[in-house]
Amino acid sequence: MIYAERCSMFLVLIAAGLTLSCASAPPSDKWSTPPAPGSAPPGSPVALHGQLAVAGVPTVAADGSSTVVYQLVDQNGLPVQLKGVSSSGLNYESQPFAENKQALTWMRDNWKLSVIRAAMTINSQTGGPTDLLSITQPKAEIIVQHAIELGVYVMVDWHTEDAINHQDAAIAYYTQMATTYGAYPNVIWEPFNEPAGNPRYSWAQIKAYHQAVADAVRSVDPDNLMVLGTPSWSQNVDQAAADPVVGTNLLYTLHWYSCTQGQSIRSKGDTAVAGGLALFVSEFGATFSDGGLSSNGHNYVCEDEANLWLSWMAKYGISGVAWKLDAHSDSSSILTATATVGGPWTGDKLSSDAGGALFTGTLPGGVSGTAIQGGHGQFVVTWLQQ
């Protein structure tokens, strides 16, 4: 999707072998002594579920027939659905909400969050000289370390539409991260957020990139999950199903924003599941796909369509991560401007569409139904707590 930060961020183009410039000192709360793998706090998501894997789960279809759906299972072979939130683009966040250990503890214990996503923005839409990795990489590592300490799963997201243009840099980064953190079952690799469409990158191009990165990661980390972006901003999962990447514990990304995407994209997901793919919704919102920008007249929440999406995910046991843990004015920000960095984030600190103006009809994206002005924070947290 096109997010608010893409309108404001510095321009960057990462090329293979580029030396990081604009280096910034890493935050001061990095590990002094790493915890041992397998030492997640009792009762935490990782302590309960351990090493995740992709496996076929026998399922009874609506017509009574038996089928197999590939989805996440835990260390005991039982299906598990992770639920969580994504950081904002780590170069654009209004405050370091996602990097705060106290905040992550609050979300784990009060929101029942089991996964957090570190959206490590690496370049903007149009390219330029600024290297955002020097800003976002140390922040992502803090999120990873806090998640490991607290027993939460964590997605390391190469947050770009153009990863194909810097494949060597991605291989170097994910190989290094897998070498450092691959022994921890917490970590989920997401090496290509949203491949650009219309029709910029074909599945053949995207698949070749994924295969190269996956092969490199698997040389040092044989089992942690990898979530793979799909064509047209991670919506055309049906194309991936026709020619999947070779490997184990691979899932494929489907992104949705309920004021823009509806049944036609869910149908692509149905096709992918029927074709044997395991899916992971690594980004979604009950908003427009631009994140609900008020400047575009899109500061609405579409709960009816979002509930259809959440029911569809539950049907297949598909995990999901909501965009975004921030307090910007757009409707996809989960927090309000009064939220403090470390919480507590009670209901009055969540964005909401309660009392918002109604719009009924067909929205610009073609989705029909009711939209309400406001933010989707309370809606997202209610889903996490279910």
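Amide H to amide H, which residues 5 or more places from residue 116 or on other chains are under 5 Å from it, using H placed in the peptide plane?
153, 154, 155
Give the long-range amide H neighbours of residue 258: residues separated by 5 or more places, or on another chain, with amide H under 5 Å away, using H modelled in the peptide plane at 1.01 Å from N.
285, 286, 287
If I stretch the segment between residue 295 and residue 76 completely, what's the gain in nm (0.36 nm per residue apart, minus their alpha carbon distance), one decimal?
Taking 0.36 nm per residue and subtracting the Cα distance, the gain is 74.0 nm.
Taking N as the number of residues in the stretch 276-386, what value does Rg over Cα atoms divided by 2.2 N^0.38 Å take?
That ratio works out to 1.06.
By per-residue mean of other Cβ atoms within 10 Å, what is the highest-first order of 372-381, 29-38, 64-73?
372-381, 64-73, 29-38
Quick one: of 83/268; 83/139; 139/324; 139/268, which pairs are farther than 27 Å apart, Cα to Cα?
Pairs exceeding the cut-off: 139/268.
Lys and Arg at +1, Asp and Glu at -1: add these up for the other residues within a Cβ distance under 14 Å of residue 351 and post the number.
Summing Lys and Arg as +1 and Asp and Glu as -1 gives -3.
What list of ³J(HN,Hα) values in whole Hz, one per residue of the stretch 176-184 in order, does the Karplus curve 6.51 cos²θ - 1.76 cosθ + 1.60 (θ = phi - 60°) give from phi, with Gly and Pro shown as x?
Listing the rounded values in order: 5, 5, 5, 5, 7, 10, x, 6, 8 Hz.
Determine which aspartates and glutamates satisfy two conditions relative to residue 207: a Cα distance under 18 Å, and not lying fewer than 8 residues away in the same chain.
Those aspartates and glutamates meeting the cut-off are 157, 161, 162, 168, 190, 194, 215, 238, 243.
Going by how many other beta carbons lie within 10 Å of each one, how would you line up 161, 149, fewest first?
Starting with the residue having the fewest Cβ neighbours, the order is 149, 161.
Between residue 61 and residue 360, how many nm apart are label points set 7 Å from Cα along the C-beta direction?
Calculated label separation equals 3.7 nm.
With an 8 Å cut-off on Cα pairs and a minimum separation of 6 or more residues, tell me the relative contact order of the stretch 80-385 in percent.
18
Quick one: order 105, 346, 287 by neighbouring beta-carbon count within 10 Å, fewest to most.
The most exposed by this proxy come first: 346, 105, 287.
Find the eigenvalues of the gyration tensor of the Cα atoms of the stretch 138-195, then list the square roots of 5 times those eigenvalues as equivalent ellipsoid semi-axes, largest first, in whole angstrom.
Rounded to whole Å, the semi-axes are 21, 12, 9.
Could you sort 88-97, 324-333, 245-254 so that the peptide with the highest average Cβ count within 10 Å comes first and the rest follow in order?
324-333, 88-97, 245-254
First select every other residue whose beta carbon is under 13 angstrom from the beta carbon of residue 374; then total the charges, Lys and Arg +1, Asp and Glu -1.
Residues near residue 374 contribute -3 overall.
Expressed as a fraction of 2.2 N^0.38 Å, the rule-of-thumb size for a compact globular protein of N residues, what is the C-alpha radius of gyration of the chain?
0.91
Only bridges whose two residues both fall in the stretch 80-385 count here: according to DSSP, what percent of them are antiparallel, nearest 5?
For the stretch 80-385, the DSSP antiparallel bridge percentage is about 20.
Exactly which trypsin sites (Lys or Arg not before Pro) in the stretch 181-279 are in a DSSP loop and have at most 16 other Cβ atoms within 10 Å?
200
Residue by residue, what Karplus-based ³J(HN,Hα) values in Hz, rounded to whole numbers, does the stretch 265-280 have, using 6.51, -1.76 and 1.60 with θ = phi - 60° and x for Gly and Pro?
Values, residue by residue: 7, 4, 5, 4, x, 4, 4, 5, 4, 4, x, x, 7, 9, 10, 9 Hz.
Can you tell me the relative contact order of the stretch 92-201? Whole percent, Cα pairs under 8 Å, sequence separation 6 or more.
27
Kindly write out, for the stretch 29-37 in residue order, the coupling ³J(HN,Hα) from the Karplus curve 6.51 cos²θ - 1.76 cosθ + 1.60 (θ = phi - 60°), rounded to whole Hz, with x marking Gly and Pro.
Rounded to whole hertz, the list is 9, 6, 3, 9, 10, x, x, 6, x.
Report P(r) for the stretch 94-187: all Cα-Cα distances, bin width 5 Å, range 0 to the bin holding the largest distance, values in whole percent.
In order of increasing distance, the bins hold 2, 13, 23, 23, 17, 12, 7, 2, 0 percent.
Each value in this text was obtained by applying a stated rule to the coordinates, not by laboratory testing. As the structure is a prediction and not an experimental result, all values here were calculated from the model. No Cβ is skipped: glycine too gets one built from the backbone with ideal geometry, and neighbour counts run over all protein chains shown.
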